[in-house]
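Below: the structure, in structure tokens.
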Amino acid sequence: MRIVFLGPPGSGKGTQAKRLGQKLAVPQLSTGDLLRSAVRGGTELGREAKNYMDAGRLVPDHLVTQLILNRMQQKDCADGFILDGFPRTKVQAEALEKALKVNRIPIDVVIDFDIAEKVLVERLTGRRVCPNGHGEWHIKFRSSVLSGFCDVCRALLIQREDDQESKIKTRMEQYRKDTEPLKKFYEARKLLRRIGATGNPAEITAQIEAALPQPPPAPAP
Ligand code: AP5
């Protein structure tokens, strides 16, 4: 199944993509994770993307689109994937649609994460991440075993540059201006399903599962 997760920063797209990806045995394709990995690796793309990301602004369409379309060519995507954080602009949505049309593999469903802004701010400002990319924790909702340190490599956990309150404001502005209009784009294609993204992660996963299209019944013997 090919699924798009659409939602504001901190709405739980990444958390849910991991949970659902495991259940459906399809990979989570996160543009944020791919870009952060390029930044850590010091690649040309990473150097170009870093300033945009640190400021909470969107990375230019052509860079992100190429990155994700290349990732989608990999073998593990043959049976489907969950797009987490892509598309975020109309240009990206059209590029995705075009690429999938060529291969005759349309998107099955777009899940729209509905959540109040004050919940997002608490989630994002309290997030702490491993500087070596080993995962993320939260000062209120999920502390590491070695409080303040990465459970895998023991590095001191840090706050993402774009999780500072002033940057969250910019991210929200970008979301409203560029990404929110995609709801209409996908509504027009009858692909959009809205879920409430507040509550515990298991309840939210159950809502997403209920919103997935059901496979056609097996033919009678
Ligand atoms: P990205 O990393 O994708 O950031 P984002 O969309 O702002 O997403 P987040 O990871 O902050 O939030 P999320 O919705 O995934 O929630 P999560 O599960 O992590 O992108 C970063 C940057 O990269 C962008 O700003 C941009 O610069 C660039 N970029 C990426 N894609 C791009 C694109 N397509 N085009 C252009 N530029 C692009 O949860 C957040 C926190 O909440 C965590 O601490 C989590 O533990 C906690 N949490 C989650 N669910 C719950 C719950 N149910 N209850 C309590 N806490 C919860």
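Readers should treat all values here as calculations from the given coordinates under stated rules, not as data from a laboratory. Every value quoted in this text rests on a predicted model; they were computed, and no experiment measured them. Methodologically, a virtual Cβ is constructed for each residue, glycine included, from the backbone with ideal geometry; neighbour enumeration extends over all protein chains shown.
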Lysines near K118 by alpha-carbon distance under 28 Å, same-chain residues fewer than 8 away left out - which ones? K13, K18, K50, K90, K140, K167, K169, K177, K183, K184
Run the Debye formula on the Cα coordinates of segment 43-139, all scatterers equal and no solvent, and tell me log10 I(q)/I(0) at q = 0.16, 0.21 1/Å. -0.95, -1.31
Would you kindly derive the ³J(HN,Hα) couplings of segment 139-147 from the backbone phi angles with the Karplus curve 6.51 cos²θ - 1.76 cosθ + 1.60 (θ = phi - 60°), listing them in order in whole Hz, with x for Gly and Pro? 5, 10, 9, 7, 8, 6, 4, 8, 2
Helix-only CD estimate at 222 nm, as mean residue ellipticity for the chain, using -39500 (n - 2.57) per DSSP H run (n ≥ 4): -13000 deg cm²/dmol
Kindly work out what percent of the DSSP beta bridges joining two residues of the chain are antiparallel, to the nearest 5. 25 percent
For segment 100-163, take N as its residue count and report Rg(C-alpha) divided by 2.2 N^0.38 Å. 1.58
I'd like the Karplus ³J(HN,Hα) series for segment 103-108: coefficients 6.51, -1.76, 1.60, θ = phi - 60°, whole numbers in Hz, and an x wherever there's a Gly or Pro. 8, 6, 10, x, 5, 8
Using only Cα atoms, locate the centre of segment 58-89 and the centre of segment 127-204, then give the distance between them in Å, rounded to an integer. 18 Å
Using the Karplus equation 6.51 cos²θ - 1.76 cosθ + 1.60 (θ = phi - 60°), what ³J(HN,Hα) coupling, rounded to whole Hz, does each residue of segment 110-120 give in order, writing x for Gly and Pro? 10, 9, 9, 7, 9, 7, 6, 5, 5, 5, 4
If amide H atoms are modeled at 1.01 Å from N in the peptide plane, then the residues at a separation of 5 or more from L157, or on another chain, having amide H under 5 Å from its own are F149, C150
Tilt of helix 31-41 relative to the longest C-alpha principal axis of the chain, in degrees (0 to 90, nearest 10)? 40 degrees
Fewest-first ordering of H138, H62 by Cβ atoms within 10 Å yields H62, H138
Please list log₁₀ I(q)/I(0) at q = 0.12, 0.16, 0.18 Å⁻¹ for the chain, using the Debye equation with identical point scatterers on the alpha-carbon positions. -0.66, -1.21, -1.56
I'd like the orientation of helix 90-102 relative to the chain: the angle between its Cα long axis and the longest Cα principal axis, in ° from 0 to 90, rounded to 10. 50 degrees
Ranked by Cβ crowding within 10 angstrom, fewest neighbours first, how are R193, R123 ordered? R193, R123
Search the structure for amide H atoms under 5 Å from the amide H of G85, placed 1.01 Å from N in the peptide plane, and list their residues when 5 or more places away or on another chain. F5
Collect residues whose amide H, placed 1.01 Å from N in the peptide plane, falls under 5 Å from the amide H of R128; neighbours closer than 5 in sequence don't count. W137, H138, I139
Would you mind classifying segment 1-63 by shape? Square roots of the alpha carbon gyration tensor eigenvalues, ordered a ≥ b ≥ c; an a/c under 1.5 is rounded, otherwise it is prolate if a/b is larger than b/c and oblate if not. prolate
Mind ordering 9-19, 24-34 by average Cβ neighbours within 10 Å, highest first? 9-19, 24-34
Gyration tensor verdict on segment 145-221 (Cα atoms; rounded if a/c is under 1.5, prolate if a/b is larger than b/c, oblate otherwise): oblate
